[in-house]
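Report on the structure given below.
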Amino acid sequence: MDRRTFLSATGSTVATLTAAQYSRVVGANDRLQAAVIGVNGRGKSHIRAVAQNPGMSVGAVVDIDQAVAEKAATLATEYQSDRPKEYRDLRDMLGDKDIDVVTIATTNHWHALSAIWAVQAGKDVYCEKPASHNIWEGRKMVEAARKYKRIVQIGQQSRSTPFKIEAVRSLREGVIGEVYMAKGLCFKRRKSIGSTTASPVPPGVDYDIWLGPAQPHEFKQNRFHYNWHWHWAFGNGDIGNQGVHEMDVARWGLGLDHLPRHAHSAGGHFVYDDDQETPNTQHAVFDYGDRMLQFEVRGLVTGGECRLLEDSGGGRHTIGVLFFGSDGILTMSNSGYQTYLGEKRLPGPSMKATGDDTTALHFENFRKAVMSRRVSDLNCDVLEGHLSAALCHLANISFRTGDKLLFDAERERFVGNAGADTLLTRDYREPWVVPDSV
């Protein structure tokens with residue numbers, strides 16, 4: 001039996017378990033054994049969140065870089081007694097029956113395929129943002145989660161952040177009247193990545209697996225660790241990196257559970273002459289008819305907007321969301337939310353951040369949903385993640401084509417724009433292919 005057949009067979013068996021049966025599979029102590037995939041950056045936060053959760057432990061780490069995997073396994077032992085297993089190929093880990101859940105902190109272009117393979121193997125999934133690298137594969141993630149009855153949480157932890165939950169509740173109750181527009185801000189200072197030439201693959205790195213679904217590229221240091229964000233084959237620019245968090249909050253606050261009819265984005269990669277492909281300055285507008293969602297990325301030196309920089313303590317970055325209503329404004333950053341009411345914009349209801357570890361809160365919400373087997377218990381189900389990521393992808397497609405786009409939200413295809421349709425998916429490289437039928 002090849003890996004694909006094995007994964008499908010395993011998924012179809014485990015997906016039928018009831019909540020009571022699943023708790024017995026997990027074990028007498030109900031501690032979920034998690035495998036963390038991609039442990040060089042954000043994966044370290046996954047390891048800490050899992051290992052420090054009384055109901056979870058790190059059973060395995062997976063990374064294409066042997067040295068990174070070894071360091072990650074050692075990190076886990078700072079929080080738990082057992083050293084996790086180490087894997088280089090995630091397909092080998094997916095056959096490990098000791099693993100209950102998988103957390104994904106890989107490059108963006110690996111999110112969908114690893115999540116789909118995991119649910120086919122009967123694992124529940126916590127996947128970092130953005131849910132997908134393109135719109136088509138994001139929808140396939142949703143289809144796979146539903147088909148195999150898996151719990152899939154997307155790492156947009158704002159949905160588990162107490163003051164943001166309170167802010168959205170206040171918007172629903174009319175604290176600023178009728179909300180007609182939201183604007184997400186990702187004014188995050190990014191310096192030049194420079195230019196590098198092709199170089200040998202570092203020892204201990206399986207670069208073929210790292211490339212995965214992407215077409216062959218020569219190895220270059222400034223499109224490997226982290227800087228892959230700024231290359232279209234692997235990342236989605238800052239609108240799909242930091243920005244997807246604020247995009248998600250903007251959509252959440254507006255109460256939008258669908259994609260827009262029109263999308264337009266413009267910008268550029270200004271000032272620096274380097275290897276970055278994605279824009280460092282970008283503005284996007286999404287027209288929902290009775291409401292509007294805007295988004296702006298500024299990676300260069302800039303100021304704030306609507307007091308958000310000052311209210312969040314100053315510094316180089318302005319990251320947050322502005323909500324505009326008939327009776328006032330609500331501003332939100334990671335330090336809390338504030339309202340300004342009436343024609344004089346007088347301070348109204350507000351709430352400061354509590355200092356909680358929001359990643360830990362989001363993982364605990366995921367654990368509870370895994371145990372209950374209820375998708376409705378998730379704070380950020382894969383469908384929510386797909387919709388917010390898709391907004392980022394729509395903006396990037398408009399930017400790359402230079403077109404104002406008309407979108408059929410039901411079919412998730414563009415209207416009268418074959419060129420834009422080609423960017424809904426990608427040319428996958430065998431055997432790393434997201435299947436049409438999951």
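Here's the picture: charge each Lys and Arg Cβ at +1 and each Asp and Glu Cβ at -1 in the chain, and of ALA389, GLY267, PHE366 the one pushed furthest to the positive end of that dipole is PHE366. Which stretch or stretches of region 96-121 have amide N atoms under 15 Å from the point lying 7 Å from THR359's Cα along the Cα→Cβ direction? Counting only backbone N, you get 103-107.
Using the Cα centre as the reference, give the magnitude of the dipole from point charges on the C-beta atoms of the chain (Lys, Arg: +1; Asp, Glu: -1; all else neutral), rounded to the nearest 20 debye.
Working: 51 positive and 53 negative charges, 110 e Å.
Using Cβ point charges on Lys, Arg, Asp and Glu, the chain gives about 520 debye.
Global size of region 292-366: 14.2, 42 Å for Rg and Dmax (C-alpha atoms, Rg to one decimal, Dmax whole). In terms of the mean number of neighbouring beta-carbon atoms within 10 Å, the peptides 32-43, 168-179 order highest first as 32-43, 168-179. Expressed in Å, the radius of gyration and Dmax of the Cα atoms of the chain are 21.3, 70. In this structure, SER335 and GLN52 have a Cβ-Cβ separation that, at R0 = 41 Å, corresponds to a calculated FRET efficiency of about 0.95. As a length-normalised measure over Cα pairs under 8 Å and 6 or more apart, the relative contact order of the chain settles at 20 percent.
The H on the amide N of VAL36, modeled in the peptide plane, is under 5 Å from the matching H of ALA60, VAL61, VAL62, THR103, each at least 5 residues off or on a different chain.
When both bridge partners sit in the chain, DSSP labels roughly 65% of those beta bridges antiparallel. Using +1 at the Cβ of each Lys and Arg and -1 at the Cβ of each Asp and Glu in region 101-251, identify which of PRO213, GLY194, ILE165 lies farthest towards the dipole's positive end. Highest projection toward the positive end goes to ILE165.
Once the C-beta distance of ALA266 and SER199 is scaled by a Förster radius of 41 Å, the resulting FRET efficiency is 0.75 to the nearest 0.05. Simple point charges give the picture: +1 on the Cβ of Lys and Arg, -1 on the Cβ of Asp and Glu, and for region 124-233 a dipole about the Cα centre of about 320 debye. Compared with the alpha-carbon gap, the fully stretched path from LYS368 to HIS258 is longer by 36.9 nm at 0.36 nm per residue. Taking the average, over residues, of other Cβ atoms within 10 Å as the packing measure, peptides 392-400, 201-209 rank 392-400, 201-209 from highest down. The residue among TYR288, TYR340, VAL244 whose Cα reaches farthest toward the positive pole of the charge dipole of region 234-350, with charges on the beta-carbon of Lys, Arg, Asp and Glu, is TYR340.
Summary of the geometry: region 295-358 and region 157-232, compared by the centres of their Cα atoms, lie 21 Å apart. Using the Cα coordinates of region 39-190, the gyration tensor eigenvalues translate into equivalent-ellipsoid semi-axes of 31, 19, 16 Å, sorted from longest to shortest. Assuming R0 = 51 Å, can you tell me the calculated FRET efficiency for the pair LYS97 and GLU166, based on Cβ-Cβ distance, to the nearest 0.05? Given R0 = 51 Å and the Cβ-Cβ separation, E is 0.75. For the pair GLU277 and THR425 in one chain, pulling the backbone fully straight at 0.36 nm per residue adds 51.5 nm over the alpha carbon distance.
When the chain is modelled as a GNM with alpha-carbon springs shorter than 10 Å, which of GLU343, GLU296, GLU78 fluctuates the most? Result for the chain, Cα springs under 10 Å: GLU343 fluctuates most.
Throughout, read-outs are computed from the coordinates displayed, never taken from laboratory work. What you see is a predicted model; the values in this text were computed from it and never measured. Every residue, glycine as well, gets a Cβ built from its backbone with ideal geometry; the counts of neighbours run over all protein chains shown.
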